[in-house]
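Asker: For reference, the structure I am asking about is given below.
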Amino acid sequence: MLASDGGVVHLRPIVPEDADKIVEFHGKLSERTRYLRYFGPYPTISKRDLFNFTVVDHRKRVAFVAMLGDEIIAVGRYEGLSSEGDGLSAEVAFTVSDSHQGAGWDPSCSSISRELPRRTDSVASLPRSSQRTVT
């Protein structure tokens with residue numbers, strides 16, 4: 001994919017070694033972006049959450065990062081919701097750095113989310129948010 005500045009963005013699975021870069025990415029997000037992503041104030045990531053964000057099984061819990069050079073500029077993830085309905089529901093979330101929002105990411109995120117193993121009975125989303133709940 002191409003970034004708004006013409007740079008090449010690489011998508012790859014998240015790995016535990018991304019923890020420091022995730023903290024850096026989160027720290028650069030505006031309060032508004034963090035609020036829309038987490039549905040409330042979330043100024044810092046706890047160690048427990050950082051572990052959960054970066055250690056995934058790539059089956060029921062999947063996450064990827066969009067890299068521009070050595071910088072994370074977006075994170076996408078889904079968490080299987082085994083307690084919901086028939087066990088085929090998932091929470092899907094995309095967070096794009098403020099400096100890259102509005103740069104044509106919506107079609108890319110939508111096409112990526114279609115590749116995730118899920119049913120599409122309903123989608124709930126917040127306006128101008130990168131968070132979706134898909135069941």
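The values are calculated or read from the model by the stated rules, or taken from the named source; none is laboratory data. Note that the structure is predicted; figures quoted are calculated from it, not measured. Cβ coordinates were reconstructed from backbone atoms using ideal geometry, including for glycine residues, and neighbour counts include every protein chain displayed.
Asker: Which members of segment 1-14 meet the condition of being assigned to a loop (DSSP other than H, G, I, E, B) and in contact (Cβ under 8 Å) with a residue 40 or more places away in the chain? Working first, answer last.
Answerer: Step one: of segment 1-14, the residues assigned to a loop (DSSP other than H, G, I, E, B) are 1, 3-7, 14.
Those that are assigned to a loop (DSSP other than H, G, I, E, B) and in contact (Cβ under 8 Å) with a residue 40 or more places away in the chain: 1, 3, 4, 7, 14.
Asker: Same structure, new question: Assuming residue 50 fulfils every condition listed in (1) assigned to a helix (DSSP H, G or I); (2) touching a residue at least 40 places away in the same chain (Cβ under 8 Å); (3) of a type outside the set (D, E, K, R) apart from one, which condition is it?
Answerer: Going through (1) assigned to a helix (DSSP H, G or I); (2) touching a residue at least 40 places away in the same chain (Cβ under 8 Å); (3) of a type outside the set (D, E, K, R) one by one, residue 50 breaks only (2).
Asker: Next question, about the same structure. Select from segment 37-47 the residues that are surrounded by fewer than 18 Cβ atoms within 10 Å (Cβ to Cβ), under 15 Å from the mean Cα position of the chain (by Cα) and assigned to a helix (DSSP H, G or I) and list them in ascending order.
Answerer: The one that is surrounded by fewer than 18 Cβ atoms within 10 Å (Cβ to Cβ), under 15 Å from the mean Cα position of the chain (by Cα) and assigned to a helix (DSSP H, G or I): 38.
Asker: Of the residues 59, 132, 128, only one is surrounded by 18 or more Cβ atoms within 10 Å (Cβ to Cβ), at pLDDT below 90 and basic (Lys, Arg); which? Show your work before the answer.
Answerer: Numbers: 59 fails: surrounded by 18 or more Cβ atoms within 10 Å (Cβ to Cβ); 128 fails: surrounded by 18 or more Cβ atoms within 10 Å (Cβ to Cβ).
132 is the lone residue from the list that is surrounded by 18 or more Cβ atoms within 10 Å (Cβ to Cβ), at pLDDT below 90 and basic (Lys, Arg).
Asker: Kindly indicate whether any position in segment 82-99 is surrounded by fewer than 18 Cβ atoms within 10 Å (Cβ to Cβ), at pLDDT below 90 and within 14 Å of residue 9 (Cβ to Cβ).
Answerer: Step one: list which residues in segment 82-99 are surrounded by fewer than 18 Cβ atoms within 10 Å (Cβ to Cβ), which gives 82-88, 91, 98-99.
In the following step, the residues that additionally are at pLDDT below 90 were identified as 82-88, 91, 99.
Applying the additional criterion that residues be within 14 Å of residue 9 (Cβ to Cβ) yields 99.
Within segment 82-99, one or more residues are surrounded by fewer than 18 Cβ atoms within 10 Å (Cβ to Cβ), at pLDDT below 90 and within 14 Å of residue 9 (Cβ to Cβ).
Asker: On to the next question. Here is a list: 71, 24, 31, 17. Which entry is without any contact (Cβ under 8 Å) to a residue 40 or more places away in the chain, closer than 17 Å to residue 95 by Cα, surrounded by fewer than 18 Cβ atoms within 10 Å (Cβ to Cβ) and of a type in the set (D, E, K, R)?
Answerer: Details: 71 fails: without any contact (Cβ under 8 Å) to a residue 40 or more places away in the chain; 24 fails: without any contact (Cβ under 8 Å) to a residue 40 or more places away in the chain; 17 fails: closer than 17 Å to residue 95 by Cα.
So the residue among 71, 24, 31, 17 that is without any contact (Cβ under 8 Å) to a residue 40 or more places away in the chain, closer than 17 Å to residue 95 by Cα, surrounded by fewer than 18 Cβ atoms within 10 Å (Cβ to Cβ) and of a type in the set (D, E, K, R) is 31.
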